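Right, one structure below, let's go through it.
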C-alpha cells in the first residue's frame with residue numbers, strides 16, 4: 001500500500017478503536033483469550049477504504065488488488081486471483097485433509113456512487129451507500145482470515161476464503177460457477193456473508209427469476225387532444241395483472257415488482273418507462289411456469305396498448321435442497337442461542353443457493369444490524385462484534401470433526 005493509504009488506515013483504526021472503547025466503558029463483558037475489539041476496528045477501517053473503490057467494473061480489478069494486498073499484509077502471501085476475478089486464500093488444516101469449509105462474500109456493489117459511497121464513521125453507525133452490500137462482508141472476511149492466522153487457529157478441515165465478483169443469479173457473471181468447477185468436489189459446506197440481517201439463518205434456498213423490461217408507447221404532445229396510453233398506464237396495467245396471479249396451489253411462489261420508473265414530471269407525456277420484476281419459489285418447475293406466465297402477460301398488455309417492449313432475463317437462480325442444509329442450519333441456530341442472538345429464517349434467494357443446488361450444504365449469515373433503504377444505508381457498529389463471533393463459532397463447529405462422526 002502507498003504511504004498515504006497506510007496513514008489513512010491507521011487513522012481510521014485509531015478512530016474506530018476510540019469509538020468502540022467509549023461504547024464499552026462501564027460495560028463489563030466476557031472476552032475470549034484473544035481480544036476481539038481491535039479486529040472489529042479493522043473491519044470498519046477496511047470497509048471504509050473498500051467502499052470508495054468504484055464498482056461494478058470488469059473483473060473488479062481495483063477491488064481485487066485491494067483485497068490481495070490486505071491478505072498479504074495479514075499473513076497470506078499465497079493468496080491468488082483467477083482470470084474470473086475470484087480472490088482466494090487458504091488456511092490449512094492442522095493435519096492433512098482433502099476437505100474444505102468455504103467462507104465467502106461478494107465484492108461487487110451495484111449501488112456505488114462517488115459521493116454517497118464516501119463512508120462516514122459515527123459513534124454508533126457506519127454510513128455510506130454500499131457498506132452493507134459488499135464492504136462489511138468483504139472486510140469481515142479479510143479480518144476473519146487475519147484473526148485465525150495471527151492466533152494460530154487451525155481446524156480438522158481446511159478453510160478457504162473466497163472473495164467473488166459474482167452477482168447472485170446474474171447470467172453474465174460466471175465467477176462463482178468457475179470457482180465451483182475447480183473446488184466444488186472438495187467443499188464440505190459453505191457460509192455466505194451478508195452485511196445486514198444479523199440473526200438470519202439462510203438455510204431455505206429459494207430460487208429466483210429476475211426480469212427487466214423497457215417499454216415505449218407512441219410519443220405525442222401532452223396537450224395534443226388525442227387519447228393515448230402512456231408508459232405509466234401500461235406499466236401499471238402489467239403490474240396489476242401480475243399481482244393478481246396465483247402462482248401455485250401452495251402459495252409458495254410469489255412475485256415482487258421491484259421497480260417502476262417512467263415520466264419526467266408535470267407537463268410531459270410519459271412515452272418511455274422501465275420495470276424490474278422478480279419471482280421467488282422453492283420449486284424449480286413452479287419457477288419456470290411463473291417465468292413463462294410473466295412473459296406472456298407482459299406481451300399481452302403490450303399488444304393491447306400498442307406498446308413496444310424490450311424484455312431481458314437478468315437472472316435465473318435455481319432453488320436448492322432444503323433438507324441438505326438442515327444440519328448446518330441447526331449449527332447456526334445453536335450459535336445464535338449461545339450468543340443470545342435472536343434467530344430468524346431468511347427466505348430470500350442468495351448466492352448460497354447456487355452451492356446447495358449443487359449438493360453442497362450452504363447457509364447465509366448476516367454480519368450486523370442496520371438499514372439499507374432508498375434514503376440511507378448504515379450498519380449498527382455495536383452489533384458487528386456479535387456478527388464476527390458468530391462466524392468464528394460456526395466455523396469452529398463446521399470445520400472440526402466431532403468424535404463419533406462429522407458435524
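Values quoted throughout were computed directly from the atomic coordinates according to the rules given, and no laboratory measurement underlies them. Quick caveat: nothing in here was measured; it's all calculated off a predicted structure. Here Cβ is always computed from backbone atoms with ideal geometry, including for glycine, and neighbour counts include all displayed protein chains.
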Note to self: C-alpha centroids of the range 64-102 and the range 317-346 sit apart, in Å, by 26 Å
What ranking of 261, 58 emerges when the number of other C-beta atoms within 10 Å of each C-beta is taken as an exposure proxy, fewest first? 58, 261
Let me have the relative contact order for the range 237-374, percent, based on Cα pairs under 8 Å that are six or more residues apart. 18 percent
What order do you get for 343, 357 when you list them from fewest to most C-beta neighbours inside 10 Å? 343, 357
Potential extension, residue 65-residue 375 segment - 0.36 nm per residue separation minus Cα distance: 108.5 nm
Rounded to two decimal places and with Rh computed the Kirkwood way over Cα pairs, what is Rg over Rh for the range 207-317? 1.03
Fewest-first ordering of 360, 43 by Cβ atoms within 10 Å yields 360, 43
Just to check, using Stokes-Einstein with a Kirkwood Rh over alpha carbon pairs, what's the diffusion coefficient of the chain at 20 °C and 1.002 mPa s in µm²/s? 94 µm²/s
Here FRET efficiency (C-beta to C-beta, residue 58 to residue 311, R₀ 25 Å, nearest 0.05) is 0.45
Nitroxide proxy distance, nm - points 7 Å out along Cα→Cβ at residue 99 and residue 218: 6.8 nm
So what is the relative contact order for the range 207-317, in percent, with contacts set as C-alpha pairs under 8 Å and at least six apart? 46 percent
Any idea how far apart residue 300 and residue 80 come out in nm if each label point goes 7 Å out from Cα toward Cβ? 5.3 nm
Given an 8 Å cut-off on Cα distances and at least 6 residues of separation, report the relative contact order of the chain as a percent. 20 percent
Do the sum for the chain: with -39,500 (n - 2.57) for every DSSP H run of n ≥ 4, divided by all residues, what is the mean residue ellipticity at 222 nm, to the nearest 500 deg cm²/dmol? -11500 deg cm²/dmol
Sort the range 101-223 into rounded, prolate or oblate with this rule: let a ≥ b ≥ c be the square roots of the eigenvalues of the Cα gyration tensor; rounded if a/c is under 1.5, and if a/c is not under 1.5, prolate when a/b is larger than b/c, oblate otherwise. oblate
Please express the shape of the range 302-407 as an equivalent ellipsoid: the semi-axes are the square roots of 5 times the eigenvalues of the C-alpha gyration tensor, given largest first in whole angstrom. 35, 22, 10
What is the distance, in nm, between label points placed 7 Å from the Cα along the Cα-to-Cβ direction at residue 261 and at residue 347? 3.0 nm
